[in-house]
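Enquirer: The structure follows.
The values are calculated or read from the model by the stated rules, or taken from the named source; none is laboratory data. Source: prediction; values computed, not measured. Counting neighbours? That spans all protein chains shown, and the Cβs are built from the backbone with ideal geometry, glycine included. Note: accessible area is taken over every heavy atom of the protein model, side chains too, but ligands, DNA and RNA are not part of it. Shrake-Rupley method; radii C 1.70, N 1.55, O 1.52, S 1.80 Å.
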Amino acid sequence: MIETLSISNYALIDNIELTFQPGLNIITGETGAGKSIMLGALSMLFGNRADTRVVSDKSKKSVVEGIFDITGYDEIGRLLAENDIDPLDRQLILRREISPAGRSRSFVNDAPAPLSLLREIAIRLVDLHSQHQNLLLADNEYQLNVIDTMLDDKSVKTEYAAAYETFRSALKKYQVAKRAADTSKAEEEYLRYQLQLLEQLNLQPGEQESLEQERSLLANVSTLKDSLTRVIALFDGSEENIISMLRQSEGLLDDIEELPEARQLGERIESLRIEAVDIKDTVETLDGRLEADPRRLEYVEERLSDIYELQHKLSVDSEAALIALRQELSERIDSIDNSDERIRQYATKAKIAKKQAMELAERLTEARRKVADRFAGELLASATPLGMKNLRAEIEITPAELSATGADRVNFLFAFNKNQALMPVKDTASGGEISRLMLSVKALVAKHIQLPSIIFDEVDTGVSGDVAGRMGQLMKDISRRIQVIAITHLPPVASKGDVHFKVFKEDSDTATNTRVRRLSDEQRIDELALMLSGDTANEAARDTARSLLSGNNKL
């Protein structure tokens, strides 16, 4: 439940702190006193969008903080663990800050946290019901959620959700495969044509580079052979050549054996001569291999032209890209050739999954029908005393397309007058009747959910007198199970509270600020008398206020 709510520098609120209690907490105040401002701050704490205009003093930030008792709510602990946020024993602290520059920051247990986490936590802590939410009663999706909340065995809904997800996944795989196959078959002829070109070319890794080198060689044979012939001549092809000069040098050194170094020099010259002979032989071999072959050059030129042409035609820029494309096209053609069988397998799995989902949907429908009959009776018992003595209700469940919520469409039908046909609530109910119905629905739902707190923002608008008292009693009954915070303008409702807060404005020399104070028993008499007659000194109103509080054991 909400233990403490602190708000500072937020619109007309400079600084307030409210400590709520278990049971029914009442908030009253004149129109414009700041009750809606408090709700706006609270909704911001629960992850709603922050409006920088609420920062009244631009020299400091606006802060909204709530402290909650989460004893027994293990799901909150799981959320904290998943987000690496340390728990605080039985408490949880949520905080939003807005800087004067408009930057918003959120915290959970003083650790920075995304707004999405605040929203996830909020829906598990508080049901904030404002007047415009009465319109939800006419929403078929909301009506379905109400029925599902009251299921005796919720496992069937969980099982169905899992089965439906399996079906959707299988169906998606089938649809993706079918679209891919249809697209591929439409392109199949062109794909096969491309693959045929690549296979006819039969390009091998490294072939293009090798051919380009050979082409360069063949195109320059004459120049190369001329150079090699000249090299051979230099080594051994003329009277004065390298090999003969080295041989002469060896003979001259043999004639001067008296010189100690001559022998060593002779050995070195001999090594040079042997190496020169080897070089000459190698050059002669190269020269012998080189022959001008116009037919080979023509073949190389044509082969390279085929490679370049296919690269251009298929919009690739390298030999490796052509080879990779050949492999890719081969795999795609193979996939097309086997797509029919794969699609049949996916279709079979989707049909099996759909059958299982439909079987569980039928079980879910049956469970909902049982709840619907019981809920209609309980709703009549709860709402009829609220000034709707001729109320009739029927929960209609009709078939719908299979979806994430099942195969049902729920429609709440009501009649408020005798001999009136049952119709959807939006077509037959007044605003006050919808408010009373919604309160009754909330009261029934509260018996079946684990939710710490519920906030009613003037849910009793449009009613008065005895009906107002009955609505207050209904809120009182709800508060025996969960904490209720009710904002109201009706004395019969306000008198039911276990705790009563008054919101009011206070002027200083420089500003008007919203204030909140918890009322004592005597102050509650003053407030109720003011609400009844507009005058705290009106004795008749004060007597009525005492009577209301006495009837609720408040005096």
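Enquirer: Take the alpha carbon gyration tensor of the stretch 1-129, find the square roots of its eigenvalues, order them as a ≥ b ≥ c, and report rounded if a/c is under 1.5; if not, report prolate when a/b exceeds b/c, else oblate.
Expert: Oblate, because a/c is 1.5 or more while a/b does not exceed b/c.
Enquirer: Counting other C-beta atoms within 10 Å, and keeping those with at most 14, which DSSP coil GluC sites (Glu not before Pro) do you find in the stretch 270-378?
Expert: Those satisfying the criteria are 291.
Enquirer: How much accessible surface area, in Å² rounded to 10, belongs to the heavy atoms of residue 312 with a 1.4 Å probe?
Expert: 150
Enquirer: Return one number: the angle in degrees, 0 to 90 and rounded to the nearest 10, between the long axis of the Cα atoms of helix 319-383 and the longest principal axis of the Cα atoms of the chain.
Expert: Tilt relative to the chain: about 10 degrees.
Enquirer: Residue 36 to residue 93: extension gain in nm, 0.36 nm per residue of separation minus the Cα-Cα distance?
Expert: 18.3 nm
Enquirer: Of the listed values (1) 52.9; (2) 36.3; (3) 25.7, grab the one calculated as mean projected area of the Cα convex hull in nm² from the structure here.
Expert: Working out mean projected area of the Cα convex hull in nm² from the coordinates points to (1).
Enquirer: Let me ask something else. Enumerate the lysines that residue 349 could reach by cross-link, defined here as Cα to Cα under 28 Å, with residues fewer than 8 away along the same chain left out.
Expert: Candidates past the 8-residue exclusion: 154, 157, 172, 173, 178, 185.
Enquirer: Now, a different point. Skip the ligands, DNA and RNA, and give the accessible area per residue of the chain with a 1.4 Å probe, whole Å².
Expert: Here the per-residue accessible area is 54 Å².
Enquirer: Turning to a different aspect of this structure: Share of the chain's accessible area from carbon and sulfur, percent, 1.4 Å?
Expert: Roughly 49 percent, rounded to a whole number.
Enquirer: How far is helix 521-533 tilted, in degrees, relative to the longest principal axis of the Cα atoms in the chain, given as a value from 0 to 90 rounded to the nearest 10?
Expert: 80
Enquirer: For residue 29, enumerate residues with amide H under 5 Å from its amide H, sequence gap 5+ or separate chain, H modeled in the peptide plane.
Expert: Correct list: 503.
Enquirer: With r as the distance between the Cβ atoms of residue 370 and residue 175 and R0 = 35 Å, compute the FRET efficiency 1/(1 + (r/R0)^6) and round to 0.05.
Expert: With a Förster radius of 35 Å, E is 0.45.
Enquirer: Another question, then. Read phi for every residue in the stretch 411-423 and hand back ³J(HN,Hα) as whole Hz from Karplus 6.51 cos²θ - 1.76 cosθ + 1.60, θ = phi - 60°, with x for Gly and Pro.
Expert: My calculation for the stretch 411-423 gives 9, 7, 10, 9, 9, 9, 10, 4, 6, 8, 5, 5, 9 Hz in order.
Enquirer: Specify the angular offset, from 0 to 90 degrees and rounded to the nearest 10, of the alpha carbon long axis of helix 140-149 from the longest principal axis of the alpha carbons in the chain.
Expert: That helix lies at roughly 80 degrees to the long axis.
Enquirer: Something else: What is the set of long-range amide H partners of residue 128 at a cut-off below 5 Å, with H atoms built 1.01 Å from backbone N?
Expert: 455
Enquirer: If you don't mind, another one. For the stretch 90-178, which trypsin sites (Lys or Arg not before Pro) pass both filters: DSSP loop (anything but H, G, I, E, B) and at most 11 other C-beta atoms within 10 Å?
Expert: For trypsin sites (Lys or Arg not before Pro) across the stretch 90-178 that sit outside H, G, I, E and B with at most 11 neighbouring Cβ atoms in 10 Å, the list reads 103.
Enquirer: Taking loop as defined by DSSP and a crowding limit of 14 other beta carbons within 10 Å, which trypsin sites (Lys or Arg not before Pro) in the stretch 13-86 fit?
Expert: Within the stretch 13-86, the qualifying trypsin sites (Lys or Arg not before Pro) (loop, at most 14 other Cβ atoms within 10 Å) are 49, 58, 60.
Enquirer: Which far-off residues, 5 or more places away or on another chain, put their amide H under 5 Å from the one on residue 55, with H placed in the peptide plane?
Expert: Answer set, sorted by chain and number: 11.
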